[in-house]
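Structure record follows, encoded as structure tokens.
The values are calculated or read from the model by the stated rules, or taken from the named source; none is laboratory data. These numbers come from a predicted model, not from an experiment. Note that each Cβ is placed from the backbone with ideal geometry, even for glycine, and that neighbours are counted across all protein chains shown. For the accessible areas, the whole protein counts, side chains as well, though only heavy atoms, and no ligand, DNA or RNA atoms are used. Shrake-Rupley method; radii C 1.70, N 1.55, O 1.52, S 1.80 Å.
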Amino acid sequence: MAVITLPFRYLERLTRTDKKTILDKIAFIGSDVERVGEDHADVEFFPDRPDLFSPEGVARAMRGYLGIETGLPSYKVKPSGIQFTVDPALADIRPVLGAAVIRGVSFDDESIQSIMSLQESLHWAVGRGRSKVAIGIHDLDAVRPPFHYIASPRTRKFVPLDYTEEMTMDEILEKHPKGRDYAKIVQDFPLFPLIVDRDDHVLSFPPIINGERTRVTIDTKNILLDTTGTDRRAVGVAVNIICTAMAEAGATIESIGIGGVETPTLAPSVRTVSVSECSRLLGVVLTAATMAELLRKMRFGAETEGADRIMVQVPCYRADIMHDWDLFEDVAIAFGYDKLQDLPPKTYTVGKPHPVQVNAALVREIFCGLGYLEVMPFTLTSEEILYRNMQRLEHPGVLRVMHPISIENTVVRTDLLPLLLEFLNLNRHRELPQRLFTVGDVVDSCLTYQQAAGVSTHPEADFSEAYAVADAVFNEISVDYSAKESADPAFIEGRRADIIAAGKKIGVFGEIHPAVLNAFELEHPVAAFEFDLRAVPGYPGTPGTP
Amino acid sequence: MAELTQNEKRLLATLEKEMSAEAPRLAGLLGATPEAVVQWAQLAQEKGLATADRVVAREFIYTDEGKAYLEKGLPETQLLRFIQPGAVVADLQKHEAFRIGFGQLRKKGLVKVEGSSVAKTPGSSTDADENALKTPSPDDPRTKELIRRGILQESETVRYLIAITPEGLALARKGFDLRADTGTLTRDQIISGEWKKLNLRRYDVTKLPKKTFPGKIHPYQRIIGEMREILLEMGFEELYGGIVQQSYWNFDALFQPQDHPAREMQDTFYLRETLPLPDGYEKVKAMHECGGDTSSTGWGGVWKEEKAEQCVLRTHTTSVSIQHLAMNPNPPVKAFCIGRVYRRETIDPTHLAEFEQLEGVVMDEGVTFGNLLGILREFYHRMGFEGVRFKPSYYPYTEPSLDAEVYIEGIGWIEMGGAGIFREEVTAPLGINYPVLAWGLGVSRIAMLRLGLKDLRYLHRSDVEFLRKTPALRHTRGGI
């Protein structure tokens, strides 16, 4: 999430109203006010609206929402006459270039900070951590056009930002903090992207670092913006957002010729939408005129074309408008969510519980009747708990997560019983007897199904208790079962039984092996029982049931 | 007055004759141990019927050393007697009591040493010390000094003197029913009619017996159950689905771009397993790449099959509801799912890597964004939250999107869930031709507020004591 700092004085000047009016309404355009300080507010905006990642962009939207200035903001672009070439050898490396000249900026430390922060937010939201888009901002007067975006040998040397000595591009990836952070984007290419001017001075090594030569300072008057990447649309959006924000701040924008095309144009795109479709989606009756008015409040250009159509001009910075419904959301925001009629739908429907949950509820009822207390352990656990402590072989269908957060969360549980024993360990100091059960999901390969398990611990817990409980549960859920000597090493030999139903093993019960008790640091005998709920009649997929 | 036990009655009846006696005597008369008698007397004392006075007697015992001194006198006494006028230290050293006695004499100032000559100080006497040795007394500092020197030892004996009070006497004179009382009735006593003659033991109804704990459903499960019931009442069908999902159903079918940050390894638990893509996946691919046949532009770029085939631990239950909708494209569908979802988060008190999510979907001809607000308001009202409001939000697969906030007394407006209408980019490729209203909320958030938990881990690694003490029925006010 992008949290944007909005200095009140600047915001008030741009929005042309007081901060209270702005702060009262800012959440209604889609934001969370994180903190209101003495002279600024920190406001979080959603990642689909990178155009709001600057005070200029927020002011532009708020002027519309508050009715101070509505409709499409238009931006003039005149050609700079500057050319920027793109080396065809970049085609498989980082092919897309966007650029612009921004003249007449007046920076102070705060506004430099502000544009740097916009740049970083765009790197995050649009640029996917610079891999898709990377932005460079240069002092135009420190270099001479034309500019060249080339694929350069990695041994090329220049002085990177914040350094005083020349380094090769390979050295930069190794030693410069930004080089280390972003090396993975380029390190596998034989040649590296590089931007140079007519005198072969280095402006930038995208997407890693600019050259020290073109550093932006409070004395910078004119800016060269370079934006490189792998996705033409995303690169274009980043250029448009920065240029329009700078234009809002008072700068003038000039285009650059790239491969014979003047860019950027900052021109809107056009979408014709249906009024009735919008009304149907939102559940509110709108006329074309009202809807156009609402769209203008959200800074779209909107002209009605008859009773049902509106020609919408979408400003170039609105990267999120992919579909007509994206415009309808803006209509709803302008209309006000609180003014929409909120009635549940009228269609008659009947509630229907899922058989798996019906079974689970039944098993809960039976265990509770037997005096067992329900617990709800985590589903992520470790091989140690599931198998090693239990003296059991690893389940062949156990799933390992590829990047576990810790050694305690490496696998998805295949059994519940080990987790109950872990639970007894956590509650060693609590009064006995303790009788615990759990019902829940386990995973075998990619298949999820439910099991239930119960444990009872106290000085007299034994095989007979486990048997009696298992028998009671199976009788209550009408499972016709038989008990057969088991070989499960988690239990004591001669005090363990497999539960067989319809010729298949569906569970196990008995007295937990003392070595397992030792492994879980338990001091009293444990009578335990676990079974597969798929054996219960009514479980979906069970033969003979729907 | 609380009821007298049988034993108290027997004790008082005995004391009626004895008036007062020591515990061992009474024990002999009552055929019990002195300890038991003291216990009965204390019970009677609480009722003002008897007194049980603890008498502590101190005794002094002579150590072997003490016994010798009792005969010969303390070393200082022996030495003092030995000192003749004009004595020198070397003479005294020959005396067996010199080692201890000389130090004591000097300490007590009974001798004066000048150079090598030793003389008694005028009026020097150890009589007081000898007295303390012969007749030790607990308050005498000299006795204490002798204890410190290991000459005497102090021992304590506790005796109980039990006496009847005038109230006790008055009561005892009225006479007691001294028949033995009966605790648990036996089968024989009940059927034979013997019970009519029995003196049934009375219980002190104010005294709690040893606690017993019922088997219970987990308080968190109870909250889940409450939500489930509300949705069933509201006409929703319950869904159940797998924890392991293909990226295709977890992300791609929901129009989440393949380079979306939420899909990265840092945020999602990936598995090595892959599953083949379902029939018709090409439509989803086309939607991502160019917007398919809709007014959408799509995300652009190339959609990769192998990314969609990879399995993940579901990051939301939407992966379950979207499959249900794809399999049931005819309206109306009203369904919900409550299940565990997984996010690769660093675990701390308010973030878990796995938590329960509730999700609902409504697909029907002509359902609107307004209807979505209506369903949410109804659901939160039934959960007990009176104040409900909505504000714009963003979710990758819904448009328009909103966040629901509820008002909680003493806390304020709290975000409780997100909602929206599934984008056409989601529904169109799956052949769903009607709007789908969808909403979700974190169940654990409500549980945390309701149960007053500071750490979410407590729901899953609970203290049995907490589970035993959390009542099944809790008073909720304003949803909390």
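Taking the C-alpha atoms only, the angle from helix A:177-186 to the longest principal axis of chain A is near 80 degrees.
In a solvent-free Debye calculation with one equal scatterer on each Cα, what is log10 I(q)/I(0) for chain B at q = 0.09, 0.10 Å⁻¹, listed in the order of the q values? With no solvent term, the Cα-only Debye profile gives -0.77, -0.85.
Taking all Cα pairs closer than 8 Å and separated by 6 or more residues, the relative contact order of chain B comes to 12 percent.
The angle between the Cα long axis of helix B:369-382 and the longest principal axis of the Cα atoms of chain B comes to about 20 degrees, rounded to the nearest 10.
Provide a whole-number value for the mean count of partner chain Cβ atoms within 10 Å of the Cβ atoms in peptide A:353-359. Taking all residues of A:353-359 together, the mean is 5. Within the shell defined by Cβ-Cβ distances under 14 Å, the residues around B:Thr121 carry a net charge of +3, with Lys and Arg each +1 and Asp and Glu each -1. Over all other residues within a Cβ to Cβ distance under 9 Å of B:Leu198, the charged ones net out to +1, with Lys and Arg as +1 and Asp and Glu as -1.
Partner lysines whose Cα lies under 22 Å from the Cα of B:Lys112, excluding those fewer than 8 positions away in the same chain, are identified as B:Lys94, B:Lys120. Computed over region A:4-59, the range of Cα coordinates on each principal axis works out to 26, 20, 17 Å, biggest value leading.
Once you have a ≥ b ≥ c as the square roots of the Cα gyration tensor eigenvalues for region A:428-481, tell me rounded if a/c is under 1.5, and otherwise prolate or oblate according to whether a/b is larger than b/c.
In terms of gyration-tensor shape, oblate.
Here the contact order of chain A, divided by its residue count and restricted to Cα pairs under 8 Å and six or more residues apart, works out to 12 percent. Counting only the Cα atoms, region A:164-257 fills a convex hull of 146 Å³ per residue. Inter-chain neighbour count for B:261-270: the average number of beta-carbon atoms from partner chains within 10 Å of each residue's beta-carbon is 3. For the peptides A:417-426, A:218-227, residues were scored by their other Cβ atoms within 10 Å and the scores averaged per peptide; the highest-first order is A:417-426, A:218-227.
Ligands, DNA and RNA aside, A:His138 has an accessible area near 0 Å² when probed at 1.4 Å.
For the peptides A:466-475, B:170-179, the ranking by packing is A:466-475, B:170-179, with the highest mean count of neighbouring Cβ atoms within 10 Å listed first.
Ligands, DNA and RNA left out, the 1.4 Å accessible surface of the protein assembly as shown is 51% carbon and sulfur atoms. Using the Karplus relation 6.51 cos²θ - 1.76 cosθ + 1.60 with θ = phi - 60°, the per-residue 3J(HN,Hα) values for region A:164-172 come to 10, 10, 5, 9, 6, 4, 4, 5, 4 Hz, with x marking Gly and Pro. The convex hull of the Cα atoms of region B:306-455, projected and averaged over all directions, covers 9.7 nm². When only the Cβ of Lys, Arg, Asp and Glu is charged (+1, +1, -1, -1), the dipole of chain A relative to its Cα centre reaches about 1600 debye. A P(r) calculated from all alpha carbon pairs of region B:64-143, with 10 Å bins opening at zero, reads 18, 51, 25, 6 percent. For the protein assembly as shown, a crude dipole built from +1 on the beta carbon of Lys and Arg and -1 on the beta carbon of Asp and Glu, taken about the Cα centre, is about 2840 debye to the nearest 20. Of the whole protein surface, A:Trp124 contributes about 100 Å² of accessible area at a 1.4 Å probe radius.
Beta-bridge orientation, the protein assembly as shown: approximately 90 percent antiparallel, per DSSP, counting only bridges with both partners inside.
The order of the peptides A:55-63, A:521-529 by mean Cβ neighbours within 10 Å, most packed first, is A:55-63, A:521-529. Determine, at each q value in 0.07, 0.10, 0.14 (inverse angstroms), the log₁₀ of I(q)/I(0) that the Debye formula gives when each Cα of region B:220-469 is one equal point scatterer. Treating every Cα as an identical point scatterer, log10 I(q)/I(0) equals -0.24, -0.49, -0.97. From its DSSP helices (H runs of at least four residues, each -39,500 (n - 2.57)), chain A gives a residue-normalised ellipticity at 222 nm of -8500 deg cm²/dmol. Centroid-to-centroid, using Cα positions, region B:74-138 and region A:140-206 are 102 Å apart.
Cα centroid separation, region B:255-284 to region B:396-443: 21 Å.
Compared with the dominant Cα axis of chain A, that is its longest principal axis, helix A:355-369 is turned about 50°.
Projecting the Cα atoms of B:Gly66, B:Pro85, B:Pro138 onto the dipole axis of region B:64-143, where Lys and Arg carry +1 and Asp and Glu carry -1 at the beta carbon, places B:Pro85 farthest toward the positive end.
Applying 1/(1 + (r/R0)^6) with R0 = 22 Å to the Cβ-Cβ distance of B:Cys290 and B:Asn328 gives a FRET efficiency near 0.20.
Dimensions of chain A based on its C-alpha atoms, expressed as ranges along the principal axes with the largest first, amount to 92, 64, 48 Å. Find which of A:Ser54, A:Leu225, A:Ser456 sits farthest along the positive direction of the dipole of chain A, computed with +1 on the beta-carbon of Lys and Arg, -1 on that of Asp and Glu, about the Cα centre. Farthest towards the positive pole: A:Leu225.
Across the protein assembly as shown, the fraction of Cα-Cα pairs farther apart than 50 Å, rounded to a whole number, is 48%.
Here the Karplus curve 6.51 cos²θ - 1.76 cosθ + 1.60, taken at θ = phi - 60°, turns the phi angles of region B:275-284 into couplings of 10, x, 6, x, 4, x, 5, 4, 5, 5 Hz, with x standing for Gly and Pro.
Helix content alone sets the calculated 222 nm mean residue ellipticity of chain B: runs of n ≥ 4 DSSP H residues at -39500 (n - 2.57) each, divided across all residues, give -10000 deg cm²/dmol. Averaged over peptide A:335-341, the number of partner chain Cβ atoms lying within 10 Å of each residue's Cβ comes to 5. Taking Cβ atoms as reference points and 15 Å as the exclusive limit, the residues near B:Ile164 contribute a net charge of 0, counting Lys and Arg as +1 and Asp and Glu as -1. Among the residues of region B:386-410, those with an accessible-area drop of 50 Å² or more from chain alone to full protein complex, heavy atoms and 1.4 Å probe, are B:Lys391, B:Pro392, B:Tyr394, B:Glu399, B:Pro400.
With the simple spin-label model, which puts each label point 7 Å out from Cα in the Cβ direction, the B:Arg468 to B:Arg81 separation comes to 7.1 nm. The distance linking region A:334-352 with region B:333-370 is 19 Å (Cα centroid to Cα centroid, whole angstrom).
Projecting the Cα atoms of B:Ile224, B:Gly241, B:Phe251 onto the charge dipole of region B:181-253, computed from C-beta unit charges around the Cα centre, puts B:Ile224 farthest toward the positive end.
Rounded to the nearest 20 debye, the dipole magnitude of region B:220-469 is 700 debye, with +1 charges on Lys and Arg beta carbons, -1 on Asp and Glu beta carbons, and the Cα centre as origin.
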